[in-house]
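Participant: My questions all concern the structure below.
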Amino acid sequence: MEAEANSGSLEDSWAFIQRPGEGCRTVPLAGHVGFDSLPDQLVNKSVSQGFCFNILCVGETGLGKSTLMDTLFNTKFEGEPATHTQPGVQLRSNTYDLQESNVGLKLTIVSTVGFGDQINKEDSYKPIVEFIDAQFEAYLQEELKIRRVLHAYHDSRIHACLYFIAPTGHSLKSLDLVTMKKLDSKVNIIPIIAKSDAISKSELTKFKIKITSELVSNGVQIYQFPTDDESVAEINGTMNAHLPFAVIGSTEELKIGNKMMKARQYPWGTVQVENEAHCDFVKLREMLIRVNMEDLREQTHSRHYELYRRCKLEEMGFQDTDPDSKPFSLQETYEAKRNEFLGELQKKEEEMRQMFVQRVKEKEAELKEAEKELHEKFDRLKKLHQDEKKKLEDKKKSLDDEVNAFKQRKTAAELLQSQSSQAGGSQTLKRDKEKKNLGFL
Ligand code: GDP
């Protein structure tokens, strides 16, 4: 009896740890337990934490990006209008705390300043890609921290990229195609035709078709409103067919009939922003904010960030399986990477050592060569010096000989002179005697 009861409870615990879909049993409840309140608990928790949503507006200066943001969120976001004289593309990010009923939204609007204003637009997409990657990297760094605080972390990853297309009525510019192609694996792109009041209804229809076919033929993946959730499948399916939305922005309110409405007034008439016969603004607001905001956040995390994270971790050497397709734990990956690193370090050290020995040998040989040259030079100079010395000694000797010969000649001359002067003196004496004798004296 006891054994039976035990085996029963063991079975239950096995059933408990089995994965869903792998023979998990459905057990009827005898009464109300209370976990049906889980969705409410989740809602309450989310509401108390608040939400964050980050929009990136990409488009040429003056296409109405700021105006559309003001119109969408029914407020006036402060900000300096951008000039057309920027040397390059810059991303300007502003965060605002918004509150609607009891729901708080931390909204970040990132705008591309100077986009499309340079003569050479080749690298215009780069700062945008770098910005998106930098937000992914910041999140990844937070995730990899030992003490991470993701619930308090301000998630700055871009959830939606509104790509503003100029209402040319022709085709997409190459700048638009290149930029969208570079961004499509990193962010949810929602293309919109800006200032669509500048284009006629028939031209707009053709323009939309042209844009869609160009996006398809160039393999640009734009965000598709999800159709897997039954509650929104129909509306999302219909809206996907309306992409790209043709929008008009205005914060100006005009009295139309007896109602105040957002509109743009022209000499020939008034265009109403929220009139679906005039433009797709309402469709955009509905899709972006009221129906799919959570899906955009979800897609950012599960698709775009996941891709970034996977590539980054693979780049760092992390793998889920080893070459034999066996699971590879983080510890093993770390050990393998560490060994690889140590091996490389040793190799580098050995290379450095050999290079050092080689350099020392070269230097030694150079010094020996220099020493030999110095010795040779010294010997040459020594010999030169000896030759010079010998020459000087010879010269000195000949001069000494000359001096001696001169001295001898001088002595002989002096002797002769003294003899002759003596001889001269005795004659004068004799002549004086003779003169005396003669009586002259
Ligand atoms: P940004 O540089 O892209 O942020 O463009 P702005 O929002 O500063 O708008 C530039 C100019 O275009 C302003 O004079 C706006 O009033 C005007 N503008 C904005 N949206 C529209 C629109 O939908 N249609 C028309 N015709 N003009 C618009």
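Participant: Starting from the Cα of Lys407, draw a straight line to each of the aspartates and glutamates and keep only those under 20 Å, dropping any in the same chain fewer than 8 residues away.
Facilitator: Excluding near neighbours in sequence, the set is Asp394.
Participant: Name the shape class, rounded, prolate or oblate, that the alpha-carbon gyration tensor gives for the stretch 16-159, where a ≥ b ≥ c are the square roots of its eigenvalues, rounded holds for a/c under 1.5, and otherwise prolate holds if a/b is larger than b/c and oblate otherwise. Each step should come with its number before you reach the end.
Facilitator: Values: a/c = 3.05, a/b = 2.05, b/c = 1.49.
Judged from the Cα gyration tensor, the stretch 16-159 comes out prolate (a/c at least 1.5, a/b above b/c).
Participant: Same structure again: Can you give the FRET efficiency to the nearest 0.05 for Thr270 and Lys206, using r as the Cβ-Cβ distance and R₀ = 22 Å?
Facilitator: On the way: r = 25 Å, r/R0 = 1.14.
Taking R0 as 22 Å, the efficiency between Thr270 and Lys206 is 0.30.
Participant: By how many degrees, 0 to 90 and rounded to 10, does the Cα axis of helix 230-240 deviate from the longest principal axis of the chain?
Facilitator: 60 degrees
Participant: So how far, in whole Å, is the C-alpha centre of the stretch 57-124 from the one of the stretch 258-334?
Facilitator: Result: 17 Å between the Cα centres.
Participant: With the crude spin-label approximation of a point 7 Å out along Cα→Cβ, what separation in nm comes out for Glu414 versus His375?
Facilitator: Once both label points are built, they end up 5.8 nm from each other.
Participant: Which pairs in the list Lys210/Lys262; Lys76/Lys312; Lys126/Lys195; Lys208/Lys312; Lys106/Lys182 are over 32 Å apart, alpha-carbon to alpha-carbon?
Facilitator: Working: Lys210/Lys262 29 Å; Lys76/Lys312 39 Å; Lys126/Lys195 26 Å; Lys208/Lys312 37 Å; Lys106/Lys182 27 Å.
Pairs exceeding the cut-off: Lys76/Lys312; Lys208/Lys312.
Participant: Any idea which of Gly104, Ile192, Tyr125 is furthest toward the positive side of the dipole for the stretch 72-215, if Lys and Arg beta-carbons carry +1 and Asp and Glu beta-carbons -1?
Facilitator: Ranked along the dipole, the leading option is Ile192.
Participant: Cα to Cα, under 17 Å, and not fewer than 8 places away if on the same chain: which lysines meet these conditions relative to Lys389?
Facilitator: Lys397
Participant: Taking a ≥ b ≥ c as the square roots of the eigenvalues of the Cα gyration tensor of the stretch 193-301, is the shape rounded (a/c under 1.5), prolate (a/b larger than b/c) or oblate? Before the final figure, lay out the partial values.
Facilitator: Working: a/c = 2.50, a/b = 1.45, b/c = 1.73.
Taking the square roots of the gyration eigenvalues as a ≥ b ≥ c, the stretch 193-301 is oblate.
Participant: Find which of Phe406, Leu342, Leu374 sits farthest along the positive direction of the dipole of the chain, computed with +1 on the beta-carbon of Lys and Arg, -1 on that of Asp and Glu, about the Cα centre.
Facilitator: Among Phe406, Leu342, Leu374, the one farthest towards the positive end of the dipole of the chain is Phe406.
Participant: Can you tell which of Arg409, Arg157, Arg310 shows the greatest fluctuation in a Gaussian network model of the chain with Cα springs below 10 Å?
Facilitator: The residue that fluctuates most here is Arg409.
Participant: Compute the accessible area per residue over the chain, keeping the other protein chains in place, probe 1.4 Å, unit Å². If you can, show how the numbers build up before the last one.
Facilitator: Values: 30750 Å² over 441 residues.
Here the per-residue accessible area is 70 Å².
Participant: Could I ask something else about it? Normalised by the residues of the stretch 184-258, what does the relative contact order come to in percent, with Cα pairs under 8 Å and at least six apart? Could you put the intermediate results ahead of the total?
Facilitator: Details: 58 pairs, mean separation 35.8, N = 75.
48 percent.
Participant: Would you kindly state how much longer the chain becomes between Val27 and Leu177 on full extension, computed as 0.36 nm times their sequence separation minus their alpha carbon distance, in nm to one decimal?
Facilitator: Values: separation 150, 0.36 × 150 = 54.00 nm, distance 5.48 nm.
The Val27-Leu177 span can extend by a further 48.5 nm.
Participant: Put +1 on the Cβ of every Lys and Arg and -1 on every Asp and Glu Cβ in the chain; which of Leu68, Ser418, Tyr153 then has its Cα farthest towards the positive end of the dipole?
Facilitator: Ranked along the dipole, the leading option is Ser418.
Participant: With all protein chains present and a 1.4 Å probe, how do Ser171, Ser231 order by accessible area, largest first?
Facilitator: Values: Ser171 40, Ser231 95 Å².
My answer, sorted largest first, is Ser231, Ser171.
Participant: Along the principal axes of its C-alpha atoms, what lengths does the chain span, in descending order and rounded to whole Å?
Facilitator: 191, 91, 42
Participant: Rounded to the nearest 10 degrees, what's the angle between the helix 174-183 long axis and the longest principal axis of the chain, both from Cα atoms, 0 to 90?
Facilitator: Once rounded, one gets 80 degrees.
Participant: What is the extension gain from Gln99 to Ala198, computed as 0.36 nm multiplied by their sequence separation minus the C-alpha to C-alpha distance, in nm to one decimal? Let's see the in-between values first.
Facilitator: Values: separation 99, 0.36 × 99 = 35.64 nm, distance 3.39 nm.
Stretched fully, the Gln99-Ala198 segment lengthens by 32.3 nm.
Participant: Compute the helix-to-body angle for 38-49: its Cα long axis versus the longest principal axis of the chain, expressed 0 to 90° and rounded to tens.
Facilitator: The helix 38-49 is inclined about 40 degrees to the chain.
Participant: In a shell of Cβ-Cβ distance under 13 Å around Thr238, excluding Thr238 itself, what net charge do Lys and Arg (+1) and Asp and Glu (-1) give? Provide the component values of the computation, followed by the final result.
Facilitator: Values: positive: Lys283; negative: Glu234, Glu276, Asp280, Glu286.
Summing Lys/Arg as +1 and Asp/Glu as -1 gives -3.
Participant: Need one word for the stretch 104-246: rounded, prolate or oblate. Basis is the Cα gyration tensor (sqrt eigenvalues a ≥ b ≥ c); a/c below 1.5 gives rounded, then a/b vs b/c decides. Each step should come with its number before you reach the end.
Facilitator: Numbers: a/c = 2.27, a/b = 1.42, b/c = 1.60.
Because a/c hits 1.5 or more and a/b fails to exceed b/c, the stretch 104-246 counts as oblate.
Participant: Stretched out fully, how many nm does the piece from Ala405 to Gln41 gain, at 0.36 nm a residue minus the Cα gap?
Facilitator: Working: separation 364, 0.36 × 364 = 131.04 nm, distance 13.57 nm.
Extending this stretch completely gives an extra 117.5 nm.
Participant: First compute the accessible area of the chain with a 1.4 Å probe, then give the percent of it belonging to carbon and sulfur atoms.
Facilitator: The C+S portion of the solvent-accessible surface of the chain is 54 percent.
Participant: Suppose each label sits 7 Å from its Cα in the direction of the beta carbon; what would the Glu253-Lys348 distance come out to in nanometres?
Facilitator: About 6.5 nm separates the two model spin labels.
Participant: Could you sort 263-271, 196-204 so that the peptide with the highest average Cβ count within 10 Å comes first and the rest follow in order?
Facilitator: Working: 263-271: 12.0, 196-204: 15.6.
Packing order, densest peptide first, comes out as 196-204, 263-271.
Participant: Taking a cut-off of 16 Å between Cα atoms, list the aspartates and glutamates near Lys383, but don't count ones fewer than 8 places away on the same chain.
Facilitator: Glu373, Glu393
The values are calculated or read from the model by the stated rules, or taken from the named source; none is laboratory data. All values derive from a computational prediction rather than experimental measurement. In this analysis, Cβ positions are derived from the backbone assuming ideal geometry, glycine residues included, and neighbour counts consider all displayed protein chains. Just so you know, the surface numbers come from the protein's heavy atoms only, side chains and all, with ligands and any DNA or RNA stripped out. Shrake-Rupley method; radii C 1.70, N 1.55, O 1.52, S 1.80 Å.
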